[in-house]
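Peer 1: One structure is given below, represented as structure tokens, and several questions about it will come after.
Quick note: the coordinates plus some simple rules give every number you see, no bench work behind them. Given the structure is predicted, the values throughout are model-derived calculations rather than measurements. Virtual Cβ from ideal backbone geometry, glycine too; neighbours counted across all protein chains shown.
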Amino acid sequence: MTFKKIIIAATLTLSVAAAAFAEEPNKAPSASAAVTATAAGAPAVAAPGMTTPAPATAPATATPVKKKELKANKVITLSMFAVIIGITLCVVIWAAKQTKTASDFYAAGGGITGTQNGWAIAGDYMSAASFLGISGLISLYGYDGFMYSVGWLVAYITVLLIVAEPCRNAGKYTLGDILSFRTNPKPVRAVAAISTVAVSTFYLTAQMVGAGKLMALLVGVPYRTAIIGVGILMVGYVVFGGMTATTWVQIIKAGLLMSGAFLLSFLVMMKSGFSPFGFFNDIVNSPAIQDHVSKLVLKDGVTLSGIDAGQRFLEPGLFLKNPLDQISLGMALVLGTAGMPHILMRFFTVPTAQAARKSVIIAMFIIGGFYVLTTLLGFGAAINLTPQGIISVDKGGNMATLLLAQQLGADIAPVVGDLFLAFLCSVAFATILAVVSGLVLAASAAIAHDIYVNVIKDGHADQHEQVMAARVTSLVVGAIGIFIGLLAEKANVAHLVALAFAVAASGNLPVVVLSLFWRKFNTAGVISGLVVGTIASIGLVMVSPNMTYPKVVAAGAQKVIAAMEKKQAALPPGAQLEENDAKALVTAKADYEKNKDGTSMMGLEKPIMKLKNPGIFSIPLGFFAAILGTLLFPSRRSEEMFDELYVRQNTGLGMAKAVDH
Amino acid sequence: MAERQYDWKAIAKNPKFIELHHKKAVFLFGWWIFSSVYYFLLPLGAAYAPGLFKIKVIGAINFGYLFALSQFFVSWALALYYAHVANKDFDRLTRELVEELHL
């Protein structure tokens, strides 16, 4: 207990220290947050040109385009952060008292209700990328952003129909529990744990780097302080409170997120007189959106102007240009969500299959409702802030929701703007904490429960030892997460979320489905499916356009150099380029020199695979390998035990009791 | 608490169980395929039938927007329908099976 208190005190001290750091007059870097996996954004050279005022012919109602600024009030924002930290720490202290057995730690003793679990699933799933990134995409590219959001909800149909209830009935704490049921448990658990850790690490790294950059941008905390602060809180929640604390942090976050989204949507719709038709008319008639779209389509050699350009904003193809990539991503989402270890793990926290079913349905309404509101926020941001204004703050549009809160609040009263922005910043903060905690818990469960307890100790470990192992592992996993976050500051992490889904869809999902539904499936099938699916997804991403190809960077830099030199040549003799342009020229020259002879991490000059999302190849490969492995090395025992697993997963008979009363 | 021993092979051959798992399999995979096909019509349609997506239905609102929006409602409707069938049929069959086994 004293050990616990020391760590809690240390956590508090560090949060305070992080706050003190934030008070330094540190200029927040602009246009650098890479929150979304798809934040490809507009090329840097295009941004300055887009901020030119709307043409004079535009109707007088046009909002003059001015450089927007995201200014969070530090005192208010940090006090709200402190309130969130305070509340969650109380939850942790309460949860720590209840966490005595392994079942308490990994599955909250099976005592979470369906409704609570539904909120927690939603809180676990909706990351900062969906909260800020998708509304940003909609604000810059209209329809395509909306279309992108659909797959994130449809994914839950697979969870609901195929995995949730069977997993609740047949599993205990981890993916390894389900897979090892009728196979040779040691190798299967080991491989399942490796795949779980891989998926969680990819996802966690993307979240940590996004968190660091977001916090730096929002409250001016240095990147490193932000990572360490978030990391320590995350470790604190998981180590002491286990699944109970993680669940409640996720529930609180989902509640905050939905309140923020509702409130902001209400203000957006108020501007359009609560009429959907008025709202869409505002979109197509906005001169700023029309101007933005006509510049976007000009790159494809299409000339559009006026209301046609405005209407084009509601049509597909401004952002997502490769349908095959879309389908590939769609496959990874639809199958990957159901293979995500931190999502699967949530089903072990409810007592029955009925509760698992109810929790997915509640989660679907929350998640779907959120994405529908996101459309209002994205389009609302485009109408009220103009795409040009949003780009001037962040090229990827990630700040659109926050800017919108600031502006719509300030329209009521300046202090409301500050409060509202501070509230949404805290929602983003809570979002990060909730998602990373879930991931650390999933990775720790795989290492402590599968590898330590069941492989190393042959399942012979008493409750005390199991909980201790889980706590120590969470501490180590969290520390590694912080370390990776610190190292990856400058790394290209945008593809990691998509990679996590691809691995889950190609490695985990095929073997989960086949173990639950195919009589012949066996040890060889699990291992070959997991290994091939995982390696295929990672390998394909390594040779895809997601990686950095120095020659491509150099070519881009060359274009900037040419453009700037042309600009210089057009100036009257003796005149200098503007400061921004001169800086861009220097940076571009340095980039060109650094990259002109380089190759990618894999030694490639350009990507071998054209798609950013490997799912369309790696998912069939994962299934194929799992089936082939099974047929090559048949096992009678696995076949004989199928009846037991099949009856269990369908009926819940003999279910591993989470609570032993 | 002693684990109750079940004769899994016998249960697997029980007509009630066969009825349950057959009904479930047909329902679950059938609707899963339906929902996947419906979802992939969205990216496919956006890419290969842009003309259809551009058709204005009400005011500025076009078919593409309504179709994307319909994805949410179809998913929700399917979820509720599944809950209804599962609560009514699957859970009842499971209960009946369990009662029969305890006799």
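Peer 1: Counting other Cβ atoms within 10 Å, keep those with at most 14, restrict to DSSP loop, and tell me which chymotrypsin sites (Phe, Trp or Tyr not before Pro) in the stretch A:290-378 are left.
Peer 2: Of the chymotrypsin sites (Phe, Trp or Tyr not before Pro), not one in the loops of the stretch A:290-378 has a Cβ with at most 14 other Cβ atoms within 10 Å.
Peer 1: How tilted is helix A:615-632 with respect to the longest principal axis of chain A? Cα atoms for both, answer in degrees (0 to 90, nearest 10).
Peer 2: Taking the Cα atoms of chain A, the angle to A:615-632 is about 20 degrees.
Peer 1: Based only on the alpha carbon positions, what is the Kirkwood hydrodynamic radius of the stretch A:239-371, in angstrom? Could you put the intermediate results ahead of the total?
Peer 2: On the way: mean 1/r = 0.0529 Å⁻¹.
Mean inverse Cα-Cα distance, inverted, gives 18.9 Å.
Peer 1: How big is the C-alpha Rg of the stretch A:449-603 next to the rule-of-thumb value 2.2 N^0.38 Å, as a ratio?
Peer 2: Taking N as the residue count of the stretch A:449-603, the ratio is 1.69.
Peer 1: At what distance in angstrom do the alpha carbon centres of the stretch A:179-239 and the stretch A:402-465 lie from each other?
Peer 2: Using only Cα atoms, the two centres lie 10 Å from each other.
Peer 1: Which lysines have a Cα less than 18 Å from the Cα of A:Lys457, not counting those fewer than 8 places away in the same chain?
Peer 2: A:Lys172, A:Lys186
Peer 1: Then there is this: If each residue's Cβ is checked for other Cβ atoms within 10 Å, how do A:Met80, A:Met641 rank with the fewest at the top?
Peer 2: Arranged by neighbour count, lowest to highest, A:Met80, A:Met641 become A:Met641, A:Met80.
Peer 1: Among the trypsin sites (Lys or Arg not before Pro) in the stretch A:303-385, which ones are in a DSSP loop with at most 15 other Cβ atoms within 10 Å of the Cβ? Mind listing them?
Peer 2: Qualifying residues, ordered by number: A:Lys321.
Peer 1: Averaged across the residues of B:25-32, what count of C-beta atoms belonging to other chains lies within 10 Å of each residue's C-beta? List each step's numbers first, then the result.
Peer 2: On the way: counts 2, 0, 1, 6, 3, 1, 3, 6.
Mean partner shielding for this stretch: 3.
Peer 1: How large is the dipole of the stretch B:12-102 about the Cα centre if only Lys and Arg carry +1 and Asp and Glu carry -1, each at its Cβ, rounded to the nearest 20 debye?
Peer 2: In debye, rounded to 20, the stretch B:12-102 gives about 280.
Peer 1: Starting with the fewest neighbours, write out B:His22, A:His292 ranked by other beta-carbon atoms found within 10 Å of each beta-carbon.
Peer 2: Taking fewest neighbouring Cβ atoms as first place, the list is B:His22, A:His292.
Peer 1: Would you kindly calculate the translational diffusion coefficient of chain A, applying Stokes-Einstein with the Kirkwood radius from alpha carbon pairs, for 25 °C and a viscosity of 0.890 mPa s, and quote it in µm² s⁻¹ without decimals? Present the calculation step by step, with values, prior to reporting the outcome.
Peer 2: Values: Rh = 25.7 Å.
Here the translational diffusion coefficient equals 95 µm²/s.
Peer 1: Below 8 Å between Cα atoms, with a sequence gap of 6+, how large is the relative contact order for the stretch B:12-102 in percent?
Peer 2: Once divided by the residue count of the stretch B:12-102, the mean separation gives 35 percent.
Peer 1: While we're here: Student exercise: in chain B, how many lysine pairs 8 or more apart or on different chains have Cα atoms under 29 Å apart?
Peer 2: 10
Peer 1: Follow-up question, since we're still on this one. Mind checking the angle between helix A:287-298 and chain A's longest principal axis? C-alpha axes, 0 to 90 degrees, to the nearest 10.
Peer 2: It is inclined by approximately 80 degrees.
Peer 1: Take the Cα atoms of the stretch B:12-102, find their three principal axes, and give me the spread along each one in whole Å, biggest first.
Peer 2: 62, 23, 11
Peer 1: In whole angstrom, note down how far apart the Cα centers of the stretch B:9-65 and the stretch A:570-608 are.
Peer 2: 48
Peer 1: In chain A, once you exclude exposed GluC sites (Glu not before Pro) (DSSP loop, at most 16 other Cβ within 10 angstrom), what's the longest stretch remaining?
Peer 2: On the way: sites that count: A:Glu23, A:Glu69, A:Glu578, A:Glu605.
With a cap of 16 other Cβ atoms within 10 Å, the longest stretch comes to A:70-577.
Peer 1: In addition: Using the Kirkwood formula over every pair of different C-alpha atoms, what hydrodynamic radius in Å results for the stretch A:512-596?
Peer 2: 17.1
Peer 1: Okay, next question. DSSP loop trypsin sites (Lys or Arg not before Pro) in the stretch A:590-621 with at most 16 other Cβ atoms within 10 Å of their Cβ, which ones?
Peer 2: A:Lys596, A:Lys610
Peer 1: Can I ask one more? Using the crude model of +1 on Lys and Arg Cβ and -1 on Asp and Glu Cβ, and no other charge, please compute the dipole size for the protein assembly as shown relative to its Cα centre, in debye to 20.
Peer 2: The calculated dipole for the protein assembly as shown is roughly 380 debye.
Peer 1: Next question, about the same structure. Whole angstrom only: what separates the Cα centroid of the stretch A:357-372 from the Cα centroid of the stretch A:528-556?
Peer 2: Using only Cα atoms, the two centres lie 33 Å from each other.
Peer 1: Which ³J(HN,Hα) values, rounded to whole Hz and listed in residue order, are derived for the stretch A:237-245 from phi using the Karplus coefficients 6.51, -1.76 and 1.60 in 6.51 cos²θ - 1.76 cosθ + 1.60 with θ = phi - 60°, glycine and proline given as x?
Peer 2: Taking θ as phi minus 60°, the curve returns 4, 6, 4, 8, x, x, 5, 4, 5 Hz for the stretch A:237-245.
Peer 1: Also, I was wondering about something else. Take A:Thr548, A:Thr183 and order them by how many other Cβ atoms sit within 10 Å, fewest up front.
Peer 2: A:Thr548, A:Thr183
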